[in-house]
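To keep things clear, I will list the structure first and then write my remarks on it.
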Amino acid sequence: MSTLDINFVRSQFPAFSEPSLQRQAFFENAGGSYTCKPVLDRLTRYYTQRKVQPYAPYAASRLAGEEMDESRARMAAILGVETDELSFGPSTTQNTYVLAQAFRQWMQPGEAIIVTNQDHEANSGPWRRLADEGIEIREWQIDPETGSLNPMDLENLLDENVRLVCFPHCSNVIGEINPVTEITAIAHAAGAFVCVDGVSYAPHGFPNVGDLGPDIYLFSAYKTYGPHQGCMVIRRTLGEMLPNQGHYFNGDVLYQRFTPAGPDHAQIAASAGMADYIDLLCDHHSGPTGEAAERGSFAHDLMRSHEVALLQPVLDAVKDRNAVRLIGTSDASRRAPTVALALNRNAEAVAADLTGYGVMAGGGDFYAVRPLTAMGVDPDQGVLRVSFTHYTSQQEIDQLLNALDDVL
């Protein structure tokens with residue numbers, strides 16, 4: 001395993017050479033990452049050379065369509081799925097809403113969907129609203145002390161009426177990485193499909209969805225160094241079973257069945273820049289030269305190794321501090337570098353105090369009202385959230401820890 005070349009990584013992100021951002025350490029990556037140069041280059045090229053309706057025979061239009069197709073093909077290959085099993089939409093929240101409407105039409109009153117109270121509201125609210133249509137909603141609840149989901153508790157909720165199990169790869173405040181393959185196997189054994197919200201996990205390395213096994217996997221490209229798009233994997237068996245949500249004449253095209261709105265051509269085309277970045281990382285670190293999924297896995301492990309090494313000292317510094325409650329596990333290997341702290345004062349005010357130290361962090365509930373409430377945290381007080389990713393440097397971690405020492 002190579003050691004991540006942090007200088008090379010940061011050279012791929014123009015934000016780190018932007019004068020207005022100098023000496024500012026970015027720790028709100030869970031809300032959205034910096035954008036890598038390959039994405040920006042592709043977006044600029046599309047807007048300057050291709051801003052036409054795609055797929056017509058003239059050159060600019062033909063190239064526009066080819067670039068959109070390239071994004072889908074290359075990102076699907078990294079994710080370990082077929083090209084047409086990947087859809088792009090305006091956001092993960094919107095994609096989930098469209099999916100919920102498809103399930104509403106497909107399911108019968110009395111059938112059930114399991115959701116968790118660990119989720120961000122985007123992968124909870126749209127499913128819960130289906131209760132108005134006579135669909136039973138069952139809640140898989142977290143441990144109120146640790147925030148963890150116990151797979152054994154899921155087994156107690158499953159029966160022949162359950163059609164779908166929805167849960168996060170990891171929570172945007174708890175951070176613990178859930179065992180997707182194990183949970184998926186439990187749900188599949190009971191005859192249920194699985195929907196995984198990967199928004200808080202994918203920024204730390206693209207997963208091989210094909211190997212993990214869920215039927216639906218969702219994440220947000222603007223949190224994985226790309227444009228503001230929602231990426232949605234729907235495996236073929238389920239995708240062709242659910243009612244078409246797009247134009248009737250697009251119903252035979254799997255990746256168009258769940259994108260009822262006109263797609264953002266430029267942002268889809270620019271999404272290939274995320275694949276470009278994975279290739280750059282892989283090649284610079286002498287990674288494998290084979291299939292895209294293998295290269296993506298190498299980059300994933302490279303990112304995670306760097307993040308875990310930086311994360312553990314942060315967790316150690318806050319886990320036993322007076323008047324501070326660390327939300328989630330203190331074992332860096334078991335969580336994403338998204339660290340939420342419940343304090344004895346308003347978290348937004350503390351985040352504002354950190355700006356005086358050049359630390360950009362967030363305070364609030366982060367649309368995670370359900371898990372915070374379940375863990376006894378007042379959503380009005382919120383949590384201080386410091387979140388980073390693989391492009392974060394040791395110097396920035398030191399800057400954060402020094403700031404926390406003063407502010408907390």
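Which of (1) modelled with pLDDT under 95; (2) in the same structural domain as S71 (by the TED database); (3) among the aliphatic types (A, V, I, L, M) does A323 not meet, given it meets every other one?
Of everything listed in (1) modelled with pLDDT under 95; (2) in the same structural domain as S71 (by the TED database); (3) among the aliphatic types (A, V, I, L, M), A323 misses just condition (2).
Determine whether region 103-116 contains at least one residue that is under 21 Å from E176 (Cβ atoms), open to solvent by 20 Å² or more (accessible area, probe 1.4 Å) and part of a helix (DSSP H, G or I).
No: zero hits.
Does region 32-55 contain any residue that is surrounded by 20 or more Cβ atoms within 10 Å (Cβ to Cβ), among the polar types (S, T, N, Q) and touching a Pro at 6+ places or on another chain (Cβ under 9 Å)?
Yes.
Rundown of residues vs (1) open to solvent by 10 Å² or more (accessible area, probe 1.4 Å); (2) under 21 Å from A100 (Cβ atoms), yes/no style:
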{"site": "D153", "(1), (2)": "yes, no"}
{"site": "N156", "(1), (2)": "yes, no"}
{"site": "C166", "(1), (2)": "no, yes"}
{"site": "C170", "(1), (2)": "no, no"}
{"site": "E182", "(1), (2)": "yes, no"}
{"site": "A185", "(1), (2)": "yes, no"}
{"site": "V194", "(1), (2)": "no, yes"}
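Does S2 fit the bill of being over 25 Å from G356 (Cβ atoms), touching a helix residue (DSSP H, G or I) at 6+ places or on another chain (Cβ under 7 Å) and buried (at least 21 other Cβ atoms within 10 Å of the Cβ)? Give the derivation first.
Working: over 25 Å from G356 (Cβ atoms): yes; touching a helix residue (DSSP H, G or I) at 6+ places or on another chain (Cβ under 7 Å): yes; buried (at least 21 other Cβ atoms within 10 Å of the Cβ): no.
Criteria not met by S2.
How many residues does region 146-199 hold that are among the small types (G, A, S) and in a strand (DSSP E or B)?
0
Looking at region 117-145, which of the residues that are part of a loop (DSSP other than H, G, I, E, B) and of a type in the set (D, E, K, R) is least open to solvent (accessible area, probe 1.4 Å)?
D119
Check Q394, Q381 and return the single one that is polar (S, T, N, Q) and buried (at least 17 other Cβ atoms within 10 Å of the Cβ).
So the residue among Q394, Q381 that is polar (S, T, N, Q) and buried (at least 17 other Cβ atoms within 10 Å of the Cβ) is Q381.
Could you list, in sequence order, all residues of region 243-265 that are within 23 Å of R42 (Cα to Cα), assigned to a loop (DSSP other than H, G, I, E, B) and open to solvent by 40 Å² or more (accessible area, probe 1.4 Å)?
Selection gives A261, G262, P263, D264.
Mind checking whether some residue in region 51-59 is out of contact with any His (no Cβ under 8 Å at 6 or more places or on another chain), closer than 17 Å to Y222 by Cβ and of a type outside the set (K, R)?
Looking through region 51-59, none of the residues is out of contact with any His (no Cβ under 8 Å at 6 or more places or on another chain), closer than 17 Å to Y222 by Cβ and of a type outside the set (K, R).
For region 214-238, enumerate the residues that are more than 28 Å from G32 (Cβ to Cβ) and crowded, with 19+ Cβ neighbours inside 10 Å.
L238
One line per residue, one yes/no per condition, for (1) in the same structural domain as E82 (by the TED database); (2) charged (D, E, K, R):
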residue: M241; (1), (2): yes, no
residue: N244; (1), (2): yes, no
residue: G251; (1), (2): yes, no
residue: T259; (1), (2): yes, no
residue: A266; (1), (2): yes, no
residue: G287; (1), (2): no, no
residue: D301; (1), (2): no, yes
residue: H306; (1), (2): no, no
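Provide a single number: the residues in region 222-260 that are in contact (Cβ under 8 Å) with a residue 24 or more places away in the chain, out of contact with any helix residue (DSSP H, G or I) (no Cβ under 8 Å at 6 or more places or on another chain) and of a type in the set (A, V, I, L, M, F, W, C).
1
If you go through region 268-298 one residue at a time, how many are of a type outside the set (S, T, Y), over 22 Å from S91 (Cα atoms), open to solvent by 10 Å² or more (accessible area, probe 1.4 Å) and in a helix (DSSP H, G or I)?
9
Quick check: is even one residue across region 152-173 without any contact (Cβ under 8 Å) to a residue 12 or more places away in the chain and in the same structural domain as I216 (by the TED database)?
Looking for residues that are without any contact (Cβ under 8 Å) to a residue 12 or more places away in the chain and in the same structural domain as I216 (by the TED database), one finds at least one in region 152-173, hence yes.
The values are calculated or read from the model by the stated rules, or taken from the named source; none is laboratory data. Please read all numbers here as calculations on a predicted model, not as lab measurements. With ideal geometry, Cβ positions are generated from the backbone for all residues, glycine too; neighbour counts draw on all protein chains shown. Heads up: the accessible areas ignore ligands, DNA and RNA and are worked out on the full protein's heavy atoms, side chains in. Shrake-Rupley method; radii C 1.70, N 1.55, O 1.52, S 1.80 Å.
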